[in-house]
Amino acid sequence: MMRIIISLLLVLVMLSATCAGMAAPGQTTVILAGDYWDGLANRPQGYVEILVVDGKIAEIGKSVIRPEGAKIIDLSTRFVMPGFIDTHIHLTGGPKVVANLASLNDAALALAGVSACEKVLNNGFTTVRDAGDFSINAWVVAELKKAVEAGDIRGPRIVHGGHMISAVGGHFDFSGLLRNGITMQQVSVAEGVIEVKRVVHSEVSHGAEWIKVAGSGGFMSPSDGPDDVSYSQEEMNALVAAARDLGKHVLVHAYGDEAVHRAAIAGVRSIEHGSLSSVSTLEMLAQKGIYMVPTQIAVVANARETAKGNLNMYVPEWTREKNVKYAGKILECANNLAKSDVRIALGTDLGTFDFSVNGATEFSEMVRNGISPLRALKAGTSVAAEMLELNTGSIIVGKRADLVAMPGNPFEDISVTEKVNFVMKDGVVYREDK
């Protein structure tokens, strides 16, 4: 019944939406780029023309063929690069959702998701991996994904990460927020080898394309901390094995070094946050080819302000206490990550804070923390696409035509990624500022 309600709600949103400025899906387009970067090269590559046919890149060169009837888009005064990819986002989140999670219904989460999809796409993110549906007993992100794919709402391509599987009292167990004596049904709370395997199967049966696991506690959860370890090695191995048997990868929320280490031993594909990882554990991740999604605007920026004595008074007291306790270690780890050979993919953790924040600030934050502009830009394009195994993230013939443009060179000023004024996804123009 709840799924039907959510679907009807999304249809109502569709009826009120506008598609002004969008090109027809079958449109043949020639883009004139004043300067561009293909997502792979070590530097910008100068003027180029890009032919887009049926949503894919058909030709690239200093002068491409211009089929009769092709739409010409002149971006000769702008910098063109692949559409951004956010590999860690919570589309059904936001401050109001987080503050009232135990009382909000799934219709409210669906509305929050529709709004988030519009904002994220407008900022240049053509693909996102949702890293945890905020519904505790339904699969709202699955419905958002369907609505975007059907063209009912405007939004990025969504890779569905299901719910965050959590131990009792763990990072996604919200029963601790209720007064004593009240119980809460939560579809992703599980312990023990048999039960965690069952939940993995349940998530996949509801459309999850990745399996999200809370390997450690966190800062916002009331009953655990970043250094707490949620699952034994046996349970973590079972989670990864169950996902692998169903053809799915695992992403693990893990702050503390032991939680990151156990996840790496189990063979996960990506570590989310990893903000307290030791140098030896970072070396292990690099050797095993495990990706790190450091979500630095959510974690490192806050640690830097906390270390200066600027405490966030809009979060619960238990969160402030943990922020103070771990700020120094987080800053140290960020420095070590920049020096490491770990494959970094961009993730913002938007949804745990407000979508009024432009997720592209993650590029600048990574550079501020010692990551080179090239490595940061690849983290949000080609490396992210590689991690997600998607046919996007680079401007190459045969790839999806996901492109953004901005009024400057991000290799010289990384902050221009926050000034995107042209967005194309699958050959369809969703934003074109004149």
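The values are calculated or read from the model by the stated rules, or taken from the named source; none is laboratory data. Owing to the predicted nature of the structure, the values given are computational and were not obtained by experimental measurement. Positions of Cβ are generated from backbone atoms using ideal geometry, with glycine treated the same way; all protein chains shown enter the neighbour counts. The accessibility values were calculated without ligands, DNA or RNA, using every heavy atom of the protein model including side chains. Shrake-Rupley method; radii C 1.70, N 1.55, O 1.52, S 1.80 Å.
Remark: C-alpha extents of the range 53-205 on the principal axes read 69, 33, 25 Å, sorted largest to smallest.
Compared with the dominant Cα axis of the chain, that is its longest principal axis, helix 279-288 is turned about 60°. Test of understanding: express the Cα radius of gyration of the range 333-372 as a ratio to 2.2 N^0.38 Å, with N the residue count. Cα Rg divided by the expected 2.2 N^0.38 Å: 1.26. In 5 Å bins starting at 0, how do the alpha-carbon pair distances of the range 377-434 split up by percent? Percent of pairs per bin, in order: 4, 18, 23, 25, 21, 8, 0.
In the range 225-302, one over the average inverse separation of all distinct C-alpha pairs is 12.6 Å, which is the Kirkwood hydrodynamic radius. Dimensions of the chain from C-alpha coordinates, computed as largest minus smallest value along each principal axis and given longest first, are 69, 50, 43 Å. Its DSSP H runs of at least 4 residues, each contributing -39,500 (n - 2.57), put the calculated 222 nm mean residue ellipticity of the chain at -10000 deg cm²/dmol, to the nearest 500. Using the Cβ of Leu121 as centre and a radius below 12 Å, the other residues enclosed give a net charge of +1, where K and R count +1 and D and E count -1. As an equivalent ellipsoid, the range 71-142 spans semi-axes of 32, 11, 10 angstrom, where each value is the square root of five times an eigenvalue of the C-alpha gyration tensor, largest first. Measuring against 20 Å, Cα to Cα, the residue pairs Lys71/Lys419; Lys212/Lys248; Lys119/Lys425; Lys146/Lys197; Lys71/Lys434; Lys96/Lys248 contain Lys71/Lys419; Lys146/Lys197; Lys96/Lys248 as the ones spanning a longer distance. Counting only protein heavy atoms and a 1.4 Å probe, the chain has 39 square angstrom of accessible area per residue.
How much of the accessible area of the range 269-340, in percent, comes from carbon and sulfur atoms when a 1.4 Å probe is used? That fraction is 51 percent.
Comparing Cα centroids, the range 44-81 and the range 363-434 end up 16 angstrom apart. Rank Leu111, His90, Thr77 by how far each Cα sits towards the positive end of the charge dipole of the range 54-111 (+1 on Lys, Arg Cβ; -1 on Asp, Glu Cβ) and give me just the farthest. Of the options given, the answer is Thr77. Computed over neighbours whose Cβ is under 15 Å from that of Asp224, the net charge equals -4, Lys and Arg +1, Asp and Glu -1. Max-minus-min Cα coordinates of the range 258-398 on each principal axis give 50, 35, 23 Å, with the largest extent listed first.
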